[in-house]
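Asker: Below: one structure in structure tokens.
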Amino acid sequence: MRRQMKKLMEQNEPKEIVDEQLVKQVHQIEQQKKQKQVFQMMEMSDSEDEQNPEQQNEESQTNQSEQTIQTQNEQSNKNQKKKKNKNKKKKEKKQQQESDQQPQQNQDEDFEFLDKVQAEQTQQQQQQLIQFQDSDENGPLAINIKRLNYNKELQQHFKNAKIAGGTQKKTHKNTKQQYLTYNPDINIPLPDKFNVKFENLNEQGLQLFSLVASQQYERLQQDYTIVKGYYDPQAIFNFLQMNPSHCEAQFDVSEYFRLKGDYKQANELLERLLYIYESSLGYGFNKFFENASVNLEIEDNVHSKVFLMSLFKFTDVLTRKGCYKAALEYSKILLKFCPTKDPCGALFLIDCNALKAQQYEYLINFASNFVRCVYKTNRSSIVFMPNIIYNCALAKFLEKGENHQYSFKDENINEAINNFGPNPLQASHQVLIIQAILLYPIVLKQLSESNEFIKQNVGNLDSFIENQRKPFKELLTEEFLQRETYLHWFLQLDAEDDNDGFLKSISIFVEKSKSQWKSNEILKWIKGALGLIVNHIKNQKLDLGSFYEDLTVVKEGTTIYNEIPFQYRRYKELSKSHFLENPERLDFNNIFAENIGAQQQQPQQQLPGNFNPLNANHGLLQAVFGTLLPWVHHPNAQM
């Protein structure tokens, strides 16, 4: 029996799962065996006849137990198979569910990937936008407050000279600090200040504000219009003495002294004007001057026009004094007050003043990041404005100092033709000047006429070949330099007004910057670039026709980076005379004689209602001043 039980146990051991009932039956059988052994020991004395039936009973019991164990094993095997089948079905269902969920998961993953890409792009754009906003020192419109003190700059030019306003007292941070005036002699009673009215944001997110005059000032303005109607300069002087805080009267008188050549008197009047306007601004405007990321947009009205023109004229006076660093900071302030409209043409002042102040690196940073800072976009740029690309090329050339590189390579032409990526100003000065000449040959033509390149005796270098060794007189007769129509897609010249404004901007740039393009080293540099272009044209290595055709339309699949963010028509009404480097002083006798002669030649002309004929019996000052007033219409007036 024991052997049989061992065999059964050995058969059951390798099975994976054993039912609890089998285990219980095995224990019962072993207990029965033990009991039988005890009974056998106690009944040893019985007869042999009685032992036979007992053995039969034991055998029958063992057989029954074996049968029950086998049936139970079969049932356990069946249960295991059923469990395995159930597990298989579950696995199949899971696989089907996973297969059904896979496309949804793939779509979700795709959306997540796109979201990540968009988030990265927005982060990059924000980093590019904030790159020059967070740092007050490197921002495109960051103001260096120390350089605003033009008197200190004058002291550097004229040592041991006593100039008023050398220092300014430090003020409490909650008080209004003066940034525009540094003359302690200015002491004007200010009973009638302007009020600042803040309005909604514009499209670029800039805060709009306007200057609102008080009721008393409006009454003075009405009185001044009556005084102007008399066309008597002495009456205007008297009005200004009685009302020293009236801004328009001060501006008109300062223009008279400026045109007369008396810049000292003009400077004092303009300082008084800026003092009045700045005193009207609250102490909250301290952030405007100190924080590069704070830009405002002033509303267009009579008072704002006088304020902006006062800043413009004062910047012009500073350049004539030789205070180029201070003039650069004031031109930034002028643009910072109206960065998206630029009614005074401050973009034509910043580049010129930066070159004169030898702030070459700042000019490159300004041109590259001005649009990103103000317009909040990477699509547009001012890099390809004619004045910007020419002056940036010159800035990179002058930045080298004495280590000028006049050598040009054939590769420079190919780089210039394809230099329309997101950072075109990273190219060398050779590439930039070639690109500037190819884009706007009319600028080089006007510069050569105003500076008389033909009369200049410019030498040659050993690296010059073929047409580079020709004189300017021959090079300037090339056909492509006579081009006058420009249909570049990034200029957005959609109407005649835009084209007129574009041509006006070129004439202003040439008039304002011509003195910067006179040195012999610069002329050699220009001659090398122009000669290389002519070499490629005559050797048929450069097809200008296809080059200009490609500039008319944006190719499919190309990303736009350098589109001008505004319309050029806004510069159409700018007066070129405001940007003259060396305006001629007025000859009183000639002006007086010309106006009297014009009146005698046109006795029957229908004159406007506000026309004031000159009277020879009036004083000379009255006669001249009457012709200079901006509201006077006389036949020989030139805009």
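The values are calculated or read from the model by the stated rules, or taken from the named source; none is laboratory data. Bear in mind that the values here come from a model prediction, so they are computed numbers and not experimental data. Cβ coordinates were reconstructed from backbone atoms using ideal geometry, including for glycine residues, and neighbour counts include every protein chain displayed. Surface areas here come from the heavy atoms of the whole protein model, side chains and all, with no ligands, DNA or RNA. Shrake-Rupley method; radii C 1.70, N 1.55, O 1.52, S 1.80 Å.
Asker: Go through 458, 534 for me and flag whichever is open to solvent by less than 50 Å² (accessible area, probe 1.4 Å), part of a loop (DSSP other than H, G, I, E, B) and in contact with a helix residue (DSSP H, G or I) (Cβ under 7 Å, 6 or more places away or on another chain).
Answerer: When all the criteria are applied, what remains is 458.
Asker: If you take the residues in segment 244-280 that are assigned to a loop (DSSP other than H, G, I, E, B) and open to solvent by 30 Å² or more (accessible area, probe 1.4 Å), which one is nearest to residue 213 (Cα to Cα)? Spell out how you get there, then give the answer.
Answerer: Here is the first cut: in segment 244-280, the residues assigned to a loop (DSSP other than H, G, I, E, B) are 244-246, 261-262.
Now drop any that are not open to solvent by 30 Å² or more (accessible area, probe 1.4 Å), which leaves 244, 262.
Working: 244: 16, 262: 30 Å.
Per the stated criteria, the residue is 244.
Asker: Output the residues belonging to segment 473-503 that are under 15 Å from residue 553 (Cβ atoms), of a type in the set (A, V, I, L, M, F, W, C) and over 22 Å from the mean Cα position of the chain (by Cα).
Answerer: The initial filter retains those residues of segment 473-503 that are under 15 Å from residue 553 (Cβ atoms), namely 486-494.
From what's left, of a type in the set (A, V, I, L, M, F, W, C): 487, 489-491, 493.
Across segment 473-503, the qualifying residue is only 487.
Asker: Oh, and also: Do you know which residues across segment 523-574 are of a type in the set (Val, Ile, Thr) and within 16 Å of residue 433 (Cβ to Cβ)?
Answerer: Passing the criteria: 526, 533, 534.
Asker: Still on this structure, I have one more. Can you report the number of residues in segment 297-334 which are open to solvent by 10 Å² or more (accessible area, probe 1.4 Å) and among the small types (Gly, Ala, Ser)?
Answerer: Final tally of qualifying residues: 1.
Asker: Would you be able to say whether some residue in segment 164-178 is at pLDDT 75 or above, open to solvent by less than 70 Å² (accessible area, probe 1.4 Å) and on the phi < 0 side of the Ramachandran plot?
Answerer: No, the conditions are met nowhere in segment 164-178.
Yes/no per residue for (1) among the polar types (S, T, N, Q); (2) at positive phi:
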site: 416; (1), (2): no, no
site: 426; (1), (2): yes, no
site: 438; (1), (2): no, no
site: 441; (1), (2): no, no
site: 459; (1), (2): no, no
site: 475; (1), (2): no, no
site: 483; (1), (2): no, no
site: 488; (1), (2): no, no
site: 492; (1), (2): yes, yes
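Asker: Can I ask one more? Pick from 388, 433, 382: which is farther than 30 Å from residue 143 by Cβ and either β-branched (Val, Ile, Thr) or outside any helix (DSSP H, G or I) (or both)?
Answerer: Only one candidate passes the filter, namely 433.
Asker: Can you name every residue in segment 537-553 that is touching a residue at least 60 places away in the same chain (Cβ under 8 Å), open to solvent by 40 Å² or more (accessible area, probe 1.4 Å) and part of a helix (DSSP H, G or I)?
Answerer: Of everything in segment 537-553, those that are touching a residue at least 60 places away in the same chain (Cβ under 8 Å), open to solvent by 40 Å² or more (accessible area, probe 1.4 Å) and part of a helix (DSSP H, G or I) turn out to be 538, 552.
Asker: Moving on to the next point. What are the pairs with Cβ atoms under 8 angstrom where one residue, in segment 494-518, is under 21 Å from residue 354 (Cβ atoms) and the other, located anywhere, is part of a helix (DSSP H, G or I) and among the acidic types (Asp, Glu)? Sequence gap at least six, or different chains.
Answerer: 513/351
Asker: Give me the pairs, please: first residue somewhere in segment 438-460 and closer than 16 Å to residue 505 by Cα, second residue anywhere and in a helix (DSSP H, G or I) and open to solvent by 60 Å² or more (accessible area, probe 1.4 Å), beta-carbon distance under 8 Å, and either six or more positions apart or on two chains.
Answerer: Once the first residue is closer than 16 Å to residue 505 by Cα and sits in segment 438-460, its partners that are in a helix (DSSP H, G or I) and open to solvent by 60 Å² or more (accessible area, probe 1.4 Å) give 441/482; 445/482.
Asker: Out of segment 515-544, which residues are aliphatic (A, V, I, L, M) and more than 15 Å from residue 464 (Cβ to Cβ)?
Answerer: 522, 537, 542, 544 - these are the residues of segment 515-544 that are aliphatic (A, V, I, L, M) and more than 15 Å from residue 464 (Cβ to Cβ).
Asker: Among the candidates 193, 228, which residue alone is over 30 Å from residue 373 (Cβ atoms), modelled with pLDDT under 85 and part of a helix (DSSP H, G or I)?
Answerer: The conditions single out 228.
Asker: What tally of residues in segment 211-222 results from selecting those that are surrounded by 14 or more Cβ atoms within 10 Å (Cβ to Cβ) and either touching a helix residue (DSSP H, G or I) at 6+ places or on another chain (Cβ under 8 Å) or not hydroxyl-bearing (Ser, Thr, Tyr) (or both)?
Answerer: 5
Asker: Okay, next question. Examine segment 142-160 for a residue that is more than 29 Å from residue 301 (Cα to Cα), open to solvent by 40 Å² or more (accessible area, probe 1.4 Å) and at pLDDT below 60, and state whether such a residue exists.
Answerer: yes
Asker: With respect to residue 380, is the statement that it is open to solvent by less than 50 Å² (accessible area, probe 1.4 Å), of a type outside the set (Asp, Glu) and free of Cβ contacts under 8 Å to residues at least 40 places away in the same chain true?
Answerer: Taking the combined requirement at face value, the residue does not satisfy it.
Asker: A follow-up question, please. If you scan segment 392-428, which residues turn out to be under 22 Å from the mean Cα position of the chain (by Cα), in a helix (DSSP H, G or I) and surrounded by 15 or more Cβ atoms within 10 Å (Cβ to Cβ)?
Answerer: 392, 393, 394, 395, 396, 424, 425
Asker: Among the residues of segment 434-474, how many are hydrophobic (A, V, I, L, M, F, W, C), within 14 Å of residue 533 (Cα to Cα) and at pLDDT 90 or above? Give the steps one after another, and end with the answer.
Answerer: In the first step, residues of segment 434-474 are kept if they are hydrophobic (A, V, I, L, M, F, W, C); the result is 434, 436-439, 442-444, 447, 453-454, 458, 461, 464-465, 472.
Now narrow it down to the ones that are within 14 Å of residue 533 (Cα to Cα): 434, 436-439, 444, 464-465, 472.
From the residues that got through so far, the ones that are at pLDDT 90 or above too are 434, 436-439, 444.
Total satisfying the criteria: 6.
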